[in-house]
Amino acid sequence: MALILALDQGTSSSRSIVFDEHGHILASAQLETRQHYPHPGWVEHDPMELWTSQRDTAHAALVQLRTQGRDLSEVYAVGITNQRETTVLWRRDTGQPVGPAIVWQDRRTEAQCARWREQGLADLIRAKTGLVIDPYFSGSKLQWLLDHIDGARAAAQRGELAFGTVDSWLLWNLTGGTVHATDVSNASRTMLFNIHTQDWDDELLGLMDIPREVLPKVHPSSHVYGAAQPGIWGSGDFLAGLGALPIGGMAGDQQAALFGQAGFTAGMAKNTYGTGCFMLMHTGAQTQPSANGLLSTVAAQLPGQRAYALEGSVFIGGAVVQWLRDGLRVVRTASEVQGLAESVPDSGGVMFVPAFTGLGAPYWDSEARGAIVGLTRGSTVAHIARAALESIAFQSAALLQAMSRDAVASGCCALRELRVDGGACVNDLLMQFQADLLGIPVVRPQVVETTALGASYLAGLSTGVYADTEVIGRQWRAERTFEPQLSRDEAEARMAHWEHAVRQASAR
């Protein structure tokens, strides 16, 4: 039986999961990674920690596999999925980063983005990239690194530096510095990539003063990029028999999750509940412009095929639970939040808008800040915990409403269900509240690690493990469906209450 090693490098952790060809998890390992906040609004990673933590979890997963009595020669390929937009710049000769990785949540380039908006570039950039001008995307982060690291711009122009999102950084290290590449889904999140021509855009590179020499090659998501060096995972008898593995698939985490949810055709939608929340709806082989604050983006692609999606991004999803743990210190572990929230019947009128780094789609307000409103003398920490959980569902509901309006305007049928994944989707209270707000079933699959699963499927397709996507689609199974229980009038009243709280968080 062919096994596939999926590397899933996320915002708060690195994971490695070994899947069999039926999509079952055989082994897994995870390590938390640190974020650094050197100034207000700045969010950074140590690129070397991203790489070494990913390597070490892969080693641990492979050792688990061997202790189960598996022959490591069964491991057939590697797939990579990653936090998108996070920007790494390194030297080609040494492979050493020239500065920190600037995380997708980082807001340091807002002033530059504001200048581009004032120059009237918003329509041009949206037409070419499907994106709004925002610090979220990689282009302004790369420009900042080139401008603020001594000698970086000149070195980049000489071809001495390499830029990449985290997928490119992992690929470079896995192949011993022999492959500098990315896939179309990650490239589409840079604000430098034309999603219609599917190539780096010279006009945008000129506007942002980015030398083409620093950019990776772009390939389909399902593609053999190169081979992981045999000794890259570590040494020892436990890893005997493991040869050079083809790296057969790469995709940004949200596109990989849509693929892992068998979202291959127009009209299928998923929401991933991770550090942030990310909702994607497949729009087929054509881009679908949004009139409701969403992004047009590239879905995971097979060779010779175009695939696009509408996307909405919530910057703070599960991270609000981390804030309750690490900021307010009201719980010791994230798992305690559900019990605390369930100890009260509702939020008692408390609304929590977790705009710690601004608001993403459909609001796109980078100046908004977090707010807890509706407090009374009767409010308790349990009410705040419940409001924090509910804020994840409120933000996602606003996204789906915008997505539904775009779908109707384009002549597409209304969405009939939402498939969900990510760490927070195991929270039954949150999923039921999500279904109540949306008024459609929320469906949780048997395998909720759909981001890593999507990466494994992409790798399996390019290396011959799977004949086509129909084979993969037949493997998808639902674990539980949450049916709406709230009346539509009550759901609309609660959404109106949420929108009022958003206006308060955005007030200046």
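Tabulated data for the structure shown
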quantity	calculated
Residue-wise HN-Hα coupling along region 287-301, computed from phi with Karplus coefficients 6.51, -1.76, 1.60 (Hz; x: Gly, Pro)	6, 10, x, 10, 9, 10, x, 9, 9, 9, 9, 8, 7, 4, 10
Label zone at GLN485, where the point sits 7 Å out along the Cα-to-Cβ direction: region 335-367 residues whose backbone N lies under 11 Å	none
nm² value of the averaged projected area, convex hull over the Cα atoms of region 133-263	10.0
1.4 Å probe accessible area per residue over region 152-240, in Å²	33
Computed magnitude of the charge dipole of the chain (debye, nearest 20; Cβ of K, R +1, Cβ of D, E -1)	380
Over region 351-412, volume per residue of the alpha carbon convex hull, in Å³	86
Global size of region 377-508 as Cα Rg and Dmax, reported in angstrom	18.1, 63
D (Stokes-Einstein, µm²/s), Kirkwood Cα radius, region 388-445, 0.692 mPa s at 37 °C	277
R0 of 35 Å, Cβ-Cβ distance GLU213-TYR37: FRET efficiency to nearest 0.05	0.65
Antiparallel bridge percentage (DSSP; both residues within the chain; nearest 5)	70
Extension gain from GLU49 to ARG474, taking 0.36 nm per residue of separation minus the Cα-Cα distance	149.3 nm
Net charge of Cβ neighbours under 14 Å - reference ALA467; Lys, Arg +1; Asp, Glu -1	-2
Sequence-distant residues sharing a close amide H with VAL447 (under 5 Å, placed H)	ARG477
Region 348-451 - accessible surface per residue (Å², probe 1.4 Å)	33
Region 1-86: trypsin sites (Lys or Arg not before Pro) falling in loop per DSSP and having at most 11 other Cβ within 10 Å	ARG34
Centre separation in Å (Cα based) which lies between region 484-504 and region 3-71	38
Given charges at beta-carbon only (K, R positive; D, E negative), |dipole| of region 36-165 in Debye	260
Over the chain: helical MRE at 222 nm, DSSP H runs n ≥ 4 each giving -39500 (n - 2.57), nearest 500	-10500 deg cm²/dmol
Förster radius 30 Å - calculated FRET efficiency between ASP147 and GLN198 (Cβ-Cβ, nearest 0.05)	0.60
At 0.692 mPa s and 37 °C, Stokes D of region 6-76 from Kirkwood alpha-carbon radius, µm² per second	248
Global geometry of region 456-508, whether rounded, prolate or oblate, following the gyration tensor of its Cα atoms and the 1.5 cut on a/c	oblate
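The values are calculated or read from the model by the stated rules, or taken from the named source; none is laboratory data. What you are looking at is a predicted structure, and each value in this text was computed from that prediction instead of being measured. When we count neighbours, we look across all protein chains shown, and the Cβ atoms used for this are built from the backbone with ideal geometry, even at glycine. To get the accessible areas, we keep the full protein, side chains included, count just its heavy atoms, and leave off ligands, DNA and RNA. Shrake-Rupley method; radii C 1.70, N 1.55, O 1.52, S 1.80 Å.
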